[in-house]
Amino acid sequence: MTTTINADDGVISGSAGLKSTPDSSGELALQTNGVTKVTVTAAGNVGIGTSSLAAWQGTGLQISDRSALFQLTINNATYLANNLAYDGTNWRYIVTGAGLVYSVGASGIASVFRAASGTAGAIATLVESTRADASGNFYFDSGYGSVATAYGCRAWVNFNGTGTVAIRASGNVSSITDNGTGNYTVNFTTAMPDANYAFVGTISNTGSASYNTAAISANGTLTRTTSAYGFTCTGITGTTNAAFDPNFVNVSIFR
Amino acid sequence: MKRIIYPTPEGGVAILIPTVECGLTIEAIALKDVPAGVPFQIVDVTDIPSDRTFRAAWEADITNPDGTGANYGAGSSNEVIGWNEDGSPIVKEVTE
């Protein structure tokens, strides 16, 4: 049955639809089939699927018993939270359990905070676990103890330099150049911002060649640009050394 | 599987081994990773010797090249800073 609200005289038709009940709570409740589905509190907060909203500071939307989207007036930040609400002084658990909140600050900083399990209504201690700042830097904790800037591996490749040279796996590498025995260039799919990146390489040989020590090193005559990096794999026995083709060549570029 | 070969200034031959993960065509890889202006040829991997004992002596006849390294290829003053959806490179002059 269609429910109609007549704006002129306030008459509501429909026995199981919207219901208007005079009270002094200041709340607006929308019901279907006799059950409140949407609540608008006197403070302007909205609950969907719940009429028992957490005590918000600011304006918020709560869905069911613990999901919330709200903006705090103290900092104009936007929060997407599960089981956490800010009452103006403290973060509190809405129901008993763990909590998590994703904040988007007005200054352009986005963070994820976690709270260990607590009881409903208790003050929650939030611990920041990840952050993206306004400069595009990404921070994470991952057991470090606090969030710190993460510096990414911008390119990597693992290849076999013996026989038919073949790439096992890679990231941001379009190709490798086989320049000669033990002499390779890694070509980046997308260039580095500058050539001041850190090159890390390891080699291991399970082939026929036998050396006491094997090293991977930059060769002054080879490439070091924003687009590529060249290097030489050298085996050392006693006082002699020679370029050779390792079975495993692992290269990472950090910036 | 394919490989890209091109002559080196020393008279030898360089071999490009393309990656699958980069998602680029072998032609796009060749244009970017072959030095600018240097002719290249796309060959089957079976055309490359697997015995590397005399690697330094390898030579290649590239009389009918499939193309030449683009002006954003190795050694050029440009670099590829990204890729468009159609697979074309976003090229920028190196400023370092």
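Structural remarks
- Looking at chain A alone, DSSP beta bridges between its own residues are antiparallel in about 95 percent of cases.
- Counting Cβ atoms of other protein chains within 10 Å of each Cβ in A:72-84 and taking the mean gives 0.
- The relative contact order of chain A comes to 10 percent, based on Cα pairs under 8 Å that sit 6 or more residues apart.
- Residue mean of other protein chain beta carbons inside 10 Å, A:34-41: 0
- Comparing B:ALA74, B:ALA60, B:ALA30 in a Gaussian network model of chain B where C-alpha atoms under 10 Å apart are linked, the largest mean-square fluctuation is found at B:ALA60.
- Neighbouring partner chain Cβ atoms per residue of B:9-22, average, 10 Å criterion: 6
Every read-out reported here was derived from the displayed coordinates using simple, explicitly stated rules and does not represent laboratory data. Note that this is a predicted model, so its numbers are computed, not measured. Neighbour counts are summed over all protein chains in view; Cβ atoms, including those assigned to glycine, are modelled from backbone coordinates with ideal geometry.
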